[in-house]
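Working notes, beginning with the structure itself.
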Amino acid sequence: MKTEHSQIQEQRRKFLKGFSLALGTTALGVPLFSLSSCQSSNTAGEQTATSDQEQTTGQNRKMGIALVGLGQYSANQLAPALQETENCYLAGIVTGTPTKVDEWKTKYNIPDKNVYNYENFDSIADNPDIDIVYVVLPNSMHAEYTIRAARAKKHVICEKPMATSVEDAQRMLDACRENGVGLAIGYRLHYEPFNKRVMELGQEQVFGKVVSIQGGNSQDLTSGNPNIWRLKKDLSGGGPLMDMGIYVVQGACYTVGKAPVAVTAQFGEVTSPTYFYEVEQSVNWALEFEDGLIAEGTTSYAEENDFLKGKAENGWWTLEPAYGYDGKEGETSEGKMNLPNIYEQVQQMDGQAQSFRNNEPSIVPGEMGLRDMRILMAIYESARNGGKRVTI
Ligand code: NAD
């Protein structure tokens with residue numbers, strides 16, 4: 001006889017099986033498009049006109065974000081997204097390149113008082129316009145700037161990978177806890193319909209128990225400049241695993257809503273030594289979950305792929321592409337996923353700002369970044385040791 005719980009679960013599975021995206025809230029209860037609207041403005045001029053009282057209080061106040069590091073991701077994704085966010089706006093910049101300042105100030109109406117360099121960055125503590133510091137620097141610099149931001153009593157969004165070592169990730173978490181500020185990682189896919197659908201399919205066991213997961217995320221860098229920071233170990237912490245493979249590890253974890261307990265991994269052959277003399281060219285791994293489920297992953301800087309697949313007892317799903325900024329497509333054993341491509345960074349930063357403002361835990365907290373650092377380091381440990389099984 002079915003228990004009440006199992007009947008509810010079954011009804012829920014039926015509902016989720018016929019799921020179609022409704023504006024507002026997903027079946028997991030995570031708001032997609034219904035974030036609260038703003039009260040104050042997103043222009044520097046109007047900010048000056050806002051009273052101190054309004055700057056520091058009010059549930060609907062837009063939070064001011066300062067971007068640290070004005071490279072490709074800040075310039076092409078985050079700053080434009082911050083023109084569309086409802087809960088936060090681009091209030092300031094932190095850069096080591098003075099020649100970028102005028103263009104950013106003009107383009108985004110940023111006042112002089114909200115422009116910092118790496119030396120005077122700590123004085124951001126005295127600036128009430130800045131509520132959140134968003135660290136968008138090369139990976140090995142994430143720890144220093146997250147910790148300095150926390151000491152300045154600012155909430156922090158830190159880009160992936162959170163750090164280049166488990167120890168640094170732990171220090172970042174500690175600093176944010178000690179200073180009473182929030183820490184979220186730039187895991188935009190947790191706010192994105194196709195990947196959220198995978199979370200539902202897997203975690204809610206819509207097609208029964210998940211029996212296998214496979215993912216790949218690779219980008220060919222071998223026709224570009226070999227002197228970029230992504231190929232320098234001291235700045236990147238590692239090769240494609242730190243940059244692209246982390247998405248595949250994330251994909252496995254959010255498909256089942258759990259962390260793996262062990263891993264085996266192998267480095268691929270180095271066929272482009274001009275590029276890959278400090279970091280790996282490619283790596284393959286198998287994550288093992290406590291129930292025996294295996295999630296296979298691959299990442300490379302010398303080929304192209306972008307997919308996340310899951311197989312369950314009674315069905316399957318595929319996202320391909322799965323991780324890029326847009327153009328995602330998905331299919332299940334019941335047909336094409338009819339979901340929209342959205343401006344992920346808008347949803348991500350609005351969601352993160354809302355969690356900071358409401359003093360609520362982020363859905364992509366620093367703890368998740370630390371968990372992932374442990375997994376990535378275990379993958380490297382296994383690959384360095386001829387594929388030996390490493391427990392996490
Ligand atoms: P980028 O090379 O375009 O920009 C890096 C920035 O850091 C530049 O402004 C550069 O001037 C500055 N910098 C400071 N010190 C530096 C140093 N010693 N060497 C090199 N640059 C230095 O890189 P990016 O693509 O913008 O990546 C920045 C961060 O954002 C990385 O951690 C990356 O993983 C992350 N990222 C995340 C996503 C995502 O989808 N979430 C996408 C791209 C990048």
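The values are calculated or read from the model by the stated rules, or taken from the named source; none is laboratory data. Bear in mind the structure is a predicted one, so any value in this text is a computation, not a measurement. Counting neighbours? That spans all protein chains shown, and the Cβs are built from the backbone with ideal geometry, glycine included. The accessibility values were calculated without ligands, DNA or RNA, using every heavy atom of the protein model including side chains. Shrake-Rupley method; radii C 1.70, N 1.55, O 1.52, S 1.80 Å.
Worth a mention:
- Annotation note: Cβ proximity below 6 Å between a residue of the stretch 177-196 that is touching a residue at least 24 places away in the same chain (Cβ under 8 Å) and within 12 Å of the ligand (Cβ to nearest atom) and a residue that is open to solvent by 20 Å² or more (accessible area, probe 1.4 Å) and among the hydrophobic types (A, V, I, L, M, F, W, C) (sequence gap 6+ or interchain) occurs for 190/363.
- Scanning the stretch 208-230 for any residue that is within 15 Å of the ligand (Cβ to nearest atom), among the hydrophobic types (A, V, I, L, M, F, W, C), part of a helix (DSSP H, G or I) and surrounded by 21 or more Cβ atoms within 10 Å (Cβ to Cβ) turns up nothing.
- Subset of the stretch 114-134 [loosely packed, with under 13 Cβ neighbours inside 10 Å and either assigned to a helix (DSSP H, G or I) or within 16 Å of the ligand (Cβ to nearest atom) (or both)]: 119, 120, 123, 126
- Residue 137 vs. criteria in a loop (DSSP other than H, G, I, E, B), of a type in the set (A, V, I, L, M), over 29 Å from residue 392 (Cβ atoms) and near the ligand (Cβ under 10 Å from one of its atoms): no
- Test: residue in the stretch 308-323 that is surrounded by 21 or more Cβ atoms within 10 Å (Cβ to Cβ) and over 23 Å from residue 258 (Cβ atoms): no
- Any hit, the stretch 239-262, residues being open to solvent by less than 10 Å² (accessible area, probe 1.4 Å) and either modelled with pLDDT under 95 or more than 23 Å from residue 374 (Cβ to Cβ) (or both): no
- Test for residue 174: is it more than 14 Å from the ligand (Cβ to nearest atom), closer than 20 Å to residue 352 by Cα, assigned to a helix (DSSP H, G or I) and among the acidic types (Asp, Glu): yes
- For the stretch 61-86, a tally of residues being away from the ligand (no atom under 11 Å from the Cβ) and either touching a Cys at 6+ places or on another chain (Cβ under 6 Å) or closer than 20 Å to residue 126 by Cα (or both) returns 7.
- Residue within the stretch 366-382 that is at pLDDT 95 or above and outside any helix (DSSP H, G or I) present: no
- Members of the stretch 148-171 found to be among the small types (Gly, Ala, Ser), closer than 17 Å to residue 371 by Cβ and not in a helix (DSSP H, G or I), listed by number: 163, 165
Residue by residue, here is whether (1) touching a strand residue (DSSP E or B) at 6+ places or on another chain (Cβ under 6 Å); (2) under 22 Å from residue 219 (Cβ atoms) holds:
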| position | (1), (2) |
| --- | --- |
| 269 | no, yes |
| 289 | no, no |
| 305 | yes, yes |
| 335 | no, no |
| 346 | no, no |
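- Screening residue 330 against (1) open to solvent by 30 Å² or more (accessible area, probe 1.4 Å); (2) farther than 30 Å from residue 176 by Cβ; (3) not basic (Lys, Arg) leaves a single unmet condition, (1).
- Out of 184, 169, 150, 125, one residue alone is of a type outside the set (D, E, K, R), under 14 Å from residue 242 (Cβ atoms) and touching a helix residue (DSSP H, G or I) at 6+ places or on another chain (Cβ under 8 Å). It is 169.
- Residue check: residue 235 meets all listed conditions (1) buried (at least 20 other Cβ atoms within 10 Å of the Cβ); (2) within 16 Å of the ligand (Cβ to nearest atom); (3) among the aliphatic types (A, V, I, L, M) but one, namely (1).
- The sole residue among 252, 286, 322, 265 that is part of a helix (DSSP H, G or I), in contact with a Gly (Cβ under 8 Å, 6 or more places away or on another chain) and within 28 Å of residue 390 (Cα to Cα) is 252.
- Complete set of residues in the stretch 325-346 that are under 18 Å from residue 254 (Cα atoms) and in a helix (DSSP H, G or I): 344
- In the set 154, 160, only one residue is open to solvent by 10 Å² or more (accessible area, probe 1.4 Å), within 16 Å of the ligand (Cβ to nearest atom), under 22 Å from residue 361 (Cβ atoms) and touching a residue at least 12 places away in the same chain (Cβ under 8 Å); that residue is 160.
- Applying a threshold of 7 Å to beta carbon distances and a minimum spacing of six or more residues, or different chains, the list of pairs starting in the stretch 118-143 at a residue that is in contact (Cβ under 8 Å) with a residue 60 or more places away in the chain and under 22 Å from residue 164 (Cα atoms) and ending at one that is among the acidic types (Asp, Glu) and within 15 Å of the ligand (Cβ to nearest atom) reads 135/159; 136/159; 140/234.
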